[in-house]
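J.: Structure in C-alpha cells, see below.
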Amino acid sequence: MNARISPASLADPDLRFASTLSGGRIPFVSQGSGEPLLFIHGSLCDYRYWNAQMAVLSRHFHCISLSLSHYWPLADSNTLGTFSWKTHVEEVAEFIAALGIGPVHLVGHSRGGSVAFQLAQEHPHLVQSLTLADPGGPLQEESLPAATVALRAKVAELIQAGAIDAGLEMFVDSVSVPGAWSRSPTGFRTMTTDNASTLPKQFLDALPAYTQELAGRIKCRTLLLQGEKSPQMYRDNVARLAEWIAHAEMHTIAGASHGMNVSHPGAFNRMLQGFIANVAA
C-alpha cells in the first residue's frame, strides 16, 4: 500500500496519519478523552491489536493505538527506512510530540514492550506511567539457542516462499503455546497475515538486553503483566524487571498466555484501568 493513499480509501474510517518532524507518517486510531493512553504493538501486529482495549478503556481515557513503520497499513510504502527497534523508539517519541499528548501512559506488548521500555528510559519526560505486558528481548547479551535460530530460519524461509500460514503457525505457537495459531480468532489471523513480511526483517534486528542499569533509569510508576502460561523467557523478564525498576508492581493473568490482552481482555483491562487510575489520582 502506497503512503499517498488517503484514509478514506482504507477499511477503517477512523484511521488517521500523524506527520513527524523527520518526515514519517504514522497510522493511528484514537478514541475517548481524558488521560492519554498510548498502545505499542509487538511482532506481526499493528494498531488493530488493541481493539479490545480501545473499545472499553476509551470510556475512561484518551486511547491511542498506532502502527509502527513497516507494519500494516503502510507496510509496502517506498518511503520507509531500515526496520529497526531503534527507529521505532524514535518514531514513537516523535509521534507523542507531533500530537502534543505527552506525557502518556505507555503500554507495550512483547516486542512493543521492548520499544516502550527503551522509550521510557531514553525520553522520560514523555512517559507518565509504563505498562509492559510480556516484554520481549533478552536479559543479557547472548547468542540465541540453536533451536531458536533454526526455527526462525525455517519461519523466514516459509514466509518468503509464500507459505504464510505455515510460517505464522510455527512462529505464533513457538512464542505462545502449541495450537495457539489454530485457535486464534479470525481478526488476529488476518492482522498477522497482513504483517507476515515483517518477520524476516525482525529476525535480523535483535532486541537489546534488559539491564539493571537501564531499568534503574525508569522513574515512573510501572506495571508488569505476564500470562500464567506465557513462555518462560517472558516471565523471567517480568520477574527481573520487577526487581530492577524502583516503582514497579507485577501481576499475573490467570489462564492466559502471551496474547493475554486478546484472549483475556476483561482481566487485562481491569488491571490496566486500575493501575492508571491510581497513577493519575
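J.: Can you give me the number of residues within the range 112-148 that are surrounded by 23 or more Cβ atoms within 10 Å (Cβ to Cβ) and either out of contact with any helix residue (DSSP H, G or I) (no Cβ under 7 Å at 6 or more places or on another chain) or among the aromatic types (F, W, Y) (or both)?
T.: 5
J.: For residues in the range 80-107 being of a type outside the set (A, V, I, L, M, F, W, C), under 13 Å from T20 (Cα atoms) and touching a residue at least 60 places away in the same chain (Cβ under 8 Å), which is surrounded by the most Cβ atoms within 10 Å (Cβ to Cβ)?
T.: Start the filter on the range 80-107 by keeping residues that are of a type outside the set (A, V, I, L, M, F, W, C), which leaves 81-82, 84, 86-88, 90-91, 94, 100, 102-103, 105.
Then drop every residue that is not under 13 Å from T20 (Cα atoms), which leaves 87-88, 90-91, 94, 100.
If we keep only those that are touching a residue at least 60 places away in the same chain (Cβ under 8 Å) as well, we get 90-91, 94.
Details: E90: 19, E91: 23, E94: 18.
Only one residue fits best here, namely E91.
J.: Quick check, is A156 of a type in the set (A, V, I, L, M), touching a Pro at 6+ places or on another chain (Cβ under 6 Å), open to solvent by less than 40 Å² (accessible area, probe 1.4 Å) and over 26 Å from E122 (Cα atoms)? I'd like the intermediate steps shown before the answer.
T.: Details: of a type in the set (A, V, I, L, M): yes; touching a Pro at 6+ places or on another chain (Cβ under 6 Å): yes; open to solvent by less than 40 Å² (accessible area, probe 1.4 Å): yes; over 26 Å from E122 (Cα atoms): yes.
The answer is yes for A156.
J.: Restricting attention to the range 199-217, does a residue exist that is in contact with a strand residue (DSSP E or B) (Cβ under 9 Å, 6 or more places away or on another chain), open to solvent by 50 Å² or more (accessible area, probe 1.4 Å) and either touching a residue at least 60 places away in the same chain (Cβ under 8 Å) or closer than 28 Å to E122 by Cβ (or both)?
T.: First pass over the range 199-217, keeping only residues in contact with a strand residue (DSSP E or B) (Cβ under 9 Å, 6 or more places away or on another chain): 215.
Right, trim to open to solvent by 50 Å² or more (accessible area, probe 1.4 Å) and you get none.
Taking every residue of the range 199-217 in turn, none turns out to be in contact with a strand residue (DSSP E or B) (Cβ under 9 Å, 6 or more places away or on another chain), open to solvent by 50 Å² or more (accessible area, probe 1.4 Å) and either touching a residue at least 60 places away in the same chain (Cβ under 8 Å) or closer than 28 Å to E122 by Cβ (or both).
J.: Sticking with this structure for a sec: Take the residues in the range 221-263 that are surrounded by fewer than 20 Cβ atoms within 10 Å (Cβ to Cβ) and assigned to a loop (DSSP other than H, G, I, E, B); name whichever of them is nearest to the chain's Cα centre (by Cα).
T.: Filtering the range 221-263 for residues that are surrounded by fewer than 20 Cβ atoms within 10 Å (Cβ to Cβ) and assigned to a loop (DSSP other than H, G, I, E, B), the one nearest to the chain's Cα centre (by Cα) comes out as P231.
J.: Only one of G137, G187 is in contact with a Pro (Cβ under 9 Å, 6 or more places away or on another chain) and under 22 Å from S257 (Cβ atoms); which?
T.: Numbers: G187 fails: in contact with a Pro (Cβ under 9 Å, 6 or more places away or on another chain).
When all the criteria are applied, what remains is G137.
J.: Look at F61 and say whether it is open to solvent by less than 10 Å² (accessible area, probe 1.4 Å) and touching a residue at least 60 places away in the same chain (Cβ under 8 Å).
T.: Values: open to solvent by less than 10 Å² (accessible area, probe 1.4 Å): no; touching a residue at least 60 places away in the same chain (Cβ under 8 Å): yes.
It is false that F61 is open to solvent by less than 10 Å² (accessible area, probe 1.4 Å) and touching a residue at least 60 places away in the same chain (Cβ under 8 Å).
Okay, residues lined up against (1) under 15 Å from L241 (Cα atoms); (2) in a strand (DSSP E or B); (3) touching a Lys or Arg at 6+ places or on another chain (Cβ under 9 Å):
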{"site": "H105", "(1), (2), (3)": "no, yes, no"}
{"site": "G108", "(1), (2), (3)": "yes, yes, no"}
{"site": "F117", "(1), (2), (3)": "yes, no, no"}
{"site": "T131", "(1), (2), (3)": "yes, yes, no"}
{"site": "T148", "(1), (2), (3)": "no, no, no"}
{"site": "K154", "(1), (2), (3)": "no, no, no"}
{"site": "L158", "(1), (2), (3)": "no, no, no"}
{"site": "E169", "(1), (2), (3)": "no, no, no"}
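The values are calculated or read from the model by the stated rules, or taken from the named source; none is laboratory data. Since the model is a prediction, treat every value here as computed from it, not as a measurement. Here Cβ is always computed from backbone atoms with ideal geometry, including for glycine, and neighbour counts include all displayed protein chains. The area values use the complete protein model at the heavy-atom level, side chains included, leaving out ligands, DNA and RNA. Shrake-Rupley method; radii C 1.70, N 1.55, O 1.52, S 1.80 Å.
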